[in-house]
Structures are given as C-alpha cells and as structure tokens.
Amino acid sequence: LGWGNCNNDRLDLRNAKLIVMWATNPAWSSGGSPTYNYLQAKKAGAKIIFVDPYYNNSAMAIGDQWIPVRPATDTALLLGMAHYMITNNLQDQEFLDKYTVGFDSDHMPAGANPNENFKDYVLGTYDKIPKTPEWAAKICGTPAELIRSFSQEIATTKPMSIFSSSSPSRSYLGEQFCQAFLTVGWMTGNVGLPGAMVGDSQHS
C-alpha cells in the first residue's frame with residue numbers, strides 16, 4: 001500500500017463513525033502517538049474494528065470488535081465481503097463509475113478484456129466460482145455470518161475509515177491483498193470526505 005500521504009490528517013479520525021484497522025497494531029509497532037489519535041476518535045464516538053490473526057495489543061486497548069482471519073488469507077475474506085456487497089447492491093456505484101476503472105465490464109481500461117473485471121470475478125461469472133462468504137470462510141476461517149455482518153456495516157456506515165499495514169502483502173501473491181483491500185474500500189465510497197479514508201495506517 002505504500003507509505004505515501006494518501007489519507008486525511010490524523011485529526012480527521014475524530015469525524016469517523018467507524019474505523020477498521022486491518023493487520024494494524026499501532027500500540028506495539030508505531031512510534032509517536034497514533035494510538036492516541038485513535039483513542040480520541042473512539043472518545044468522539046467512533047467504533048473501532050480490528051481484523052487480525054490474533055487479538056493484538058491495540059485491539060485490547062481501543063477495539064470494540066475483533067474479527068479473526070487466518071494468516072495470509074486476507075484476500076479471500078475481502079472477496080467474500082465484496083460478494084456480499086455486490087449481491088446486496090451495497091457498493092457506491094456512483095463513486096466507482098466516476099473515479100475508478102476495472103470494477104465492472106462497462107468501466108474497463110482501454111484495450112482490456114471486459115471479461116476480466118472485478119465484479120464478474122467475484123460473482124464467478126466466467127470461472128463458475130462465486131466468491132461467497134461461505135467460499136471465503138473455508139479459506140480464511142472467519143465465519144460466513146460474521147463476514148456478512150461486517151460487510152453490511154462497512155458498506156452502510158459513513159463516514160468510515162479503513163486502514164491496513166503492509167503486513168498482509170508480505171506473503172505469496174500478496175499484491176492481490178493490496179488490490180482487494182483498496183477495491184473493497186473504494187466500493188464504500190469513503191474517500192475525500194471528512195472522517196472517510198481508505199489506505200495505509202495512520203503512523204504519522
């Protein structure tokens with residue numbers, strides 16, 4: 001995901017209603033005071049959800065919910081979430097149409113095969129493998145019902161901020177995590193608004 005300046009200022013966390021921390025443990029691994037800023041957001045009313053293989057120090061300190069996932073299976077979890085969002089028409093289609101390419105066959109880059117769009121891959125249109133929450137659960141270990149409720153929450157709560165460390169990408173085919181994480185984040189349309197961010201964790 002890189003360490004670019006792709007998010008709003010850390011003080012804007014206080015405007016978020018929901019903050020998702022994916023593979024992120026700032027209380028343990030970050031210098032400075034990022035945990036303080038998350039705590040201020042929590043005090044301002046934000047719910048904080050941690051997605052991680054283990055119940056880490058930050059989740060213990062400021063988390064409202066912990067969603068377990070097997071190591072190196074984060075992409076499967078994200079695809080299961082995307083399937084739930086798409087089949088329930090929860091994606092911010094207006095945002096996707098205006099600001100992204102590749103989500104569906106009508107919005108592919110010039111010269112690209114329209115069959116290789118994200119939506120049809122998730123639905124299993126061509127490979128006949130729908131990436132349902134049940135499909136994902138068998139891989140990532142997160143219960144299908146929890147995948148559904150988590151997807152519903154991030155898709156319908158605004159403003160929402162979702163952050164990840166680079167840890168999940170440090171695995172075989174880790175670039176798929178980066179693509180899936182950003183795509184699911186963008187499906188919520190939480191970009192460019194107060195309290196709304198999709199990107200790397202707020203370390204600085």
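Does at least one position in segment 144-153 carry a residue that is open to solvent by less than 60 Å² (accessible area, probe 1.4 Å) and among the acidic types (Asp, Glu)? Yes: segment 144-153 contains one or more residues that are open to solvent by less than 60 Å² (accessible area, probe 1.4 Å) and among the acidic types (Asp, Glu).
Of PRO114, PRO159, PRO194, all but one fail to be touching a residue at least 12 places away in the same chain (Cβ under 8 Å) and either out of contact with any Pro (no Cβ under 8 Å at 6 or more places or on another chain) or crowded, with 19+ Cβ neighbours inside 10 Å (or both); the exception is PRO159. Pairs meeting the criteria (first residue in segment 168-191 and open to solvent by 40 Å² or more (accessible area, probe 1.4 Å), second residue in a loop (DSSP other than H, G, I, E, B) and not hydrophobic (A, V, I, L, M, F, W, C), beta carbons under 6 Å, at least 6 apart or on different chains) are TRP186/THR100.
Given the conditions (1) within 19 Å of CYS178 (Cα to Cα); (2) part of a loop (DSSP other than H, G, I, E, B); (3) not aliphatic (A, V, I, L, M), and given that LYS119 satisfies all but one, which numbered condition is not satisfied? If we test LYS119 against (1) within 19 Å of CYS178 (Cα to Cα); (2) part of a loop (DSSP other than H, G, I, E, B); (3) not aliphatic (A, V, I, L, M), just (2) comes out false. All conditions in (1) at negative phi; (2) hydrophobic (A, V, I, L, M, F, W, C); (3) not in a helix (DSSP H, G or I) hold for LEU173, with the sole exception of (1).
Any residue at all in segment 123-130 that is free of Cβ contacts under 8 Å to residues at least 40 places away in the same chain, in contact with a strand residue (DSSP E or B) (Cβ under 8 Å, 6 or more places away or on another chain) and open to solvent by less than 70 Å² (accessible area, probe 1.4 Å)? So far as segment 123-130 goes, no, none of its residues is free of Cβ contacts under 8 Å to residues at least 40 places away in the same chain, in contact with a strand residue (DSSP E or B) (Cβ under 8 Å, 6 or more places away or on another chain) and open to solvent by less than 70 Å² (accessible area, probe 1.4 Å). Applying a threshold of 8 Å to beta carbon distances and a minimum spacing of six or more residues, or different chains, the list of pairs starting in segment 8-30 at a residue that is on the phi > 0 side of the Ramachandran plot and ending at one that is part of a helix (DSSP H, G or I) and crowded, with 23+ Cβ neighbours inside 10 Å reads ALA23/ASP74; ALA23/PRO168.
What residue, of ASP106, ASP92, is on the phi < 0 side of the Ramachandran plot, acidic (Asp, Glu), without any contact (Cβ under 8 Å) to a residue 12 or more places away in the chain and out of contact with any Lys or Arg (no Cβ under 8 Å at 6 or more places or on another chain)?
Numbers: ASP92 fails: without any contact (Cβ under 8 Å) to a residue 12 or more places away in the chain.
Matching residue, one of ASP106, ASP92: ASP106.
Residues that are of a type in the set (Lys, Arg) and either open to solvent by 70 Å² or more (accessible area, probe 1.4 Å) or more than 23 Å from PHE150 (Cβ to Cβ) (or both) were ranked within segment 1-47; the one that is modelled with the lowest pLDDT is ARG10. In the set (1) in a helix (DSSP H, G or I); (2) in contact (Cβ under 8 Å) with a residue 40 or more places away in the chain; (3) open to solvent by 40 Å² or more (accessible area, probe 1.4 Å), the condition left unmet by LYS138 is number (2).
Only residues that are small (Gly, Ala, Ser), open to solvent by 40 Å² or more (accessible area, probe 1.4 Å) and part of a helix (DSSP H, G or I): list them for segment 66-111, please. Walk me through how you get there before you give the answer.
Step one: filter segment 66-111 for residues small (Gly, Ala, Ser), giving 72, 76, 80, 82, 102, 105, 110-111.
Within this subset, residues satisfying the condition of being open to solvent by 40 Å² or more (accessible area, probe 1.4 Å) are 72, 105, 110-111.
If the condition is that a residue be small (Gly, Ala, Ser), open to solvent by 40 Å² or more (accessible area, probe 1.4 Å) and part of a helix (DSSP H, G or I), then SER105 is the only one that fits.
Against the test of being farther than 25 Å from ASN117 by Cβ and either buried (at least 16 other Cβ atoms within 10 Å of the Cβ) or aliphatic (A, V, I, L, M) (or both), the options SER201, SER164 yield a single qualifying residue, SER201.
The values are calculated or read from the model by the stated rules, or taken from the named source; none is laboratory data. Because the structure is predicted, anything quoted here is derived from the model rather than measured. Glycine also receives a Cβ, built like all others from the backbone with ideal geometry; neighbour counts cover every protein chain displayed. For the accessible areas, the whole protein counts, side chains as well, though only heavy atoms, and no ligand, DNA or RNA atoms are used. Shrake-Rupley method; radii C 1.70, N 1.55, O 1.52, S 1.80 Å.
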